[in-house]
Amino acid sequence: MERDNHQEGEAQGVKICDPPSESNPAADTLATSLSLLGNHMFPDSVERNERLGVNREVPADSLLSDVTAEESSLDAETPSNQIMKPETECQDNVSTQPAADRGTEDSAIDNDQSNSEEFVVTMLAKAKLEEQGLGVKGRSSPLLEAGNQESPAFMSHRDEDVTADSWRAHRKHVFVLSEAGKPIYSRYGSEEALSSTMGVMMALVSFVQSGDNIIRSVYSEEHTVVFLQKGPLVLVCVSSSRQSEQQLRAELLYVYYQIISMLTQASISRIFEHKKNYDLRRLLAGSEKILDGLLNMVDSDPSFLLAAVHCLPLASSLRDSLSQILQKAITPNLVFSILIAKNQLLTIVQEKTVIEDTRLEPTDIHLLLNLIGASSAFQAGEIWTPICLPLFNPDCYFYAYISYLDPPECTVCLLLLSTDKEAFYAVADCKRKIEEAMVAQNSLSLIAKAQSYSVSQVGVSDLRHFMYKPFDVPDNYRQLTQFTSPEMEAPYSSEEEKMRLLDLYRYMHSRIHSTSRPLKLIYHVAERETLLAWVTSKFELYTCFSPLVTKACAITAITKLLRWIKKEEDRLFIRYPPKYSTTPNPSKSSRGGKSDQQDSTDNGFLSLL
Amino acid sequence: MPDMSKMKKPDVKVVLLGDMNVGKTSLLHRYMERKFKDTVSTVGGAFFLKQWGPYNISIWDTAGREQFHGLGSMYCRGAAAVILTYDVTNWQSLAELEERFLSLTDTANHDCIYAIVGNKADLTDSKAHLSRDSDGQSENQTECEEGRTEPEVLSACPTPPASPASLSGLMLHKQVTREDAVALYGRILRYKGLEEKSSLPAEKMCFETSAKTGYNVDALFEALFDLVLPSILRKRHENQESPTVDLEECRGVSGKKARSSCC
């Protein structure tokens, strides 16, 4: 995650915009397709879009400086002269051309563009043809009618009328399509109804691509459109949430990873190499709820923003005893044992040889938690399913055993990951051992008592809420990235207020992590609260205070807060993720089990790599 | 597999197969928990242990999605009974049984029995509204209101039906008849190289059920369990004959003794 952002930052740094300065027909076509997309996505600005056309020359920097100029720019209106502008990124071959060759280079680009112009025209004509089948004609754009294409006889709760204002009013749309323009997923409305809209999106992507560029984003007054191309998939986010482009792109990456977790990267590439216009929905059918769930979590859970895992606060003695229970219930090829309560991590233990090579990334854990949340309808059974952890290895499957330990309440969930497809009965047996041990130690009732904490426990009067994420320091290098945060309490108890606070945090986060002007410390006086964000080499901290706090007060409060966290560290975080070795005789593995360890590597772990 | 010995040993294995959205999970849920509720698409497969009299029957509820197709033959390994499920309102779901799912059963026992089950009978048949099973009808009615995941239902009856009579006007077209299912059963026997005369008759092995109302659900599972009883008994017998010592049994006995003596 972090690395990706960094790369993007560099890419932006070397961004050069090739100026096809005269408005050539190709650019007009781009303008048309943009406004067509605009018609559909944000009709209020249609007229202006059409007048404005597209400005490809606006340097990215001026745009960024608009955003970063003012402390209070969150509430400020975006300057209206920059309603629609695609930010394009040049690839190296353009920048390495000597200046003298410019002329020929330009003509080459023109050729490409006229080709792609044809392509765009074809795409649009195709889209229109589809619509004409309906016989709907009028002054409005044909794309507006896209939704009527499907007979409404098969309406489900998922199928929204994509022509309705309520559909457009959604805060954040996410679309996934294949490079051939085939719809794969839409967060709202059915993919069929949106096939022409997605066709236009693909036309935009291909058009910019034909000029050796990559389309990254389009800004309008109300919306930000962000594009992400990953292998044969194109992901598009249309957001009115005022989040930064990087944040939105990171969210699209989560969607991509969730798809990978179900199908693996290797199989997706194989499928599309074999058949360019394959309908991936055949394989993803039934998984829409998992993607819906992910997007809801991304919007409401700061774990995704911070790329860190939130674990349930627990007395370290209890956490240790749970870890020991997990450590004792092992079987060959078992790699991770994870205990979850109330959708938060209790503990995680890992096979020794695995942790020496790599660690479990927060993203992978988020995807696992989301999978559990989305598949919990029938909770009495024991689930056995293949799942890929994209950051661990995007091309291979683990086999996940999922079972609840406290039916019928179903709050405590055990997740065991094995590399052996056939190991269900062996792994299920581990669960029974864990269950027995937990009954013996009365663990379930102790877990039931565990809960998140209140900010009042910190004992700082003006502090309303905070998020604290310690960074890896050398001595716990291979540790899971975590963060801690109290419950959101009044005045942030309603859903709207929670979202408002999260939006403020997202804004602070985008300022801290801005690629053009990263900041270390921000003191932000908002309308109804004061926020302070601080990033050092040791931690990243976001705090929210009552509006009347003074700067000096806030600084003192943070000192107190840091001291409190230090004191509570053992309870708030998983300090030392325990390891085990899945050798046949675990009692002897502590000393001299080297050769046995090799064995377990051979029959299990290597098959993954 | 040595690992298997440690688990409470299932006597026999039953597998539910069929296309997505035909209602495999709902069928099982109706049988196990006597309820019909909204389910989400199954991931992979889910394992259930059913205590049936003195016997432990393991039931695998598999995902119908193509995504998990590769796992199918694993779930079927050593199965004593396979329930091939289709949706009576969807002809394709019956065709899929033959095209996609039949080959998965190659890993099942050679004497495995096959049941063909047409679910969602309540949508096409008014008699399926009157539950033949012991469940209270009033309870069913309230649960029906929770609705289903399948789009057909929502479109067919936007408001829950007050009585079967009012529903009959909204009946969906039955795309798969019982004769189609019987014909498929014959083809399955042929695929397995079994004689029709020596096998269980199609009339006995083709069911139409409704997980929503409970119609025929218990009848299906109970009939099937009765039919696998011989293979349960044979397996138990084989285990007794087996020259290997069952450590689990010994440990269980000694463990109990130890506990009772110390307390």
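Nothing in this text is a laboratory measurement; each read-out follows from the coordinates by a stated rule. Here the structure is a predicted model, which is why all the values come from computation and not from measurement. Positions of Cβ are backbone-derived with ideal geometry, glycine not excepted, and every protein chain shown enters the neighbour counts.
The table below lists the values:
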item	result
Evaluated over the range A:309-449, the Cα radius of gyration and Dmax, each in Å	14.0, 40
Summed side-chain charge close to A:S454 - residues other than A:S454 whose Cβ falls under 13 Å, Lys, Arg +1, Asp, Glu -1	-2
Sequence of A:H366, B:H110 once ranked by neighbouring C-beta atoms within 10 Å, starting from the fewest	B:H110, A:H366
Length gained when the stretch B:K9-B:E66 is fully extended (0.36 nm per residue, less Cα-Cα span)	17.5 nm
Neighbouring partner chain Cβ atoms per residue of B:42-55, average, 10 Å criterion	5
Phi-based couplings in Hz for the range B:192-200 (Karplus 6.51, -1.76, 1.60; Gly and Pro marked x)	7, x, 9, 6, 5, 5, 8, 9, 5
Alpha carbon convex hull of the range B:4-98, projected area averaged over orientations, nm²	6.9 nm²
Local electrostatic count at A:F304 - Lys and Arg +1, Asp and Glu -1, tallied over other residues with Cβ under 11 Å	-2
Those GluC sites (Glu not before Pro) in the range B:192-234 that DSSP places in a loop and that have at most 12 other beta carbons within 10 Å	B:E195, B:E196
Above-threshold pairs, the threshold being 19 Å between Cα atoms, out of B:K13/B:K212; A:K431/B:K9; B:K37/B:K120; B:K35/B:K212; A:K182/B:K24; A:K328/A:K579	B:K13/B:K212; A:K182/B:K24
Peptide B:68-78 - average C-beta neighbours from other chains (10 Å radius)	2
Summed side-chain charge close to A:S337 - residues other than A:S337 whose Cβ falls under 12 Å, Lys, Arg +1, Asp, Glu -1	+3
Cα→Cβ-extended label distance, 7 Å offset, between A:K289 and A:E496, nm	3.0 nm
Bins of 10 Å from zero: percent of alpha-carbon pairs in the range A:455-572	12, 45, 35, 7, 0
Distant alpha-carbon pairs in the range A:474-537 (separation over 16 angstrom), percent	59 percent
Order of B:K174, B:K197 under a 10 Å beta carbon neighbour criterion, fewest first	B:K197, B:K174
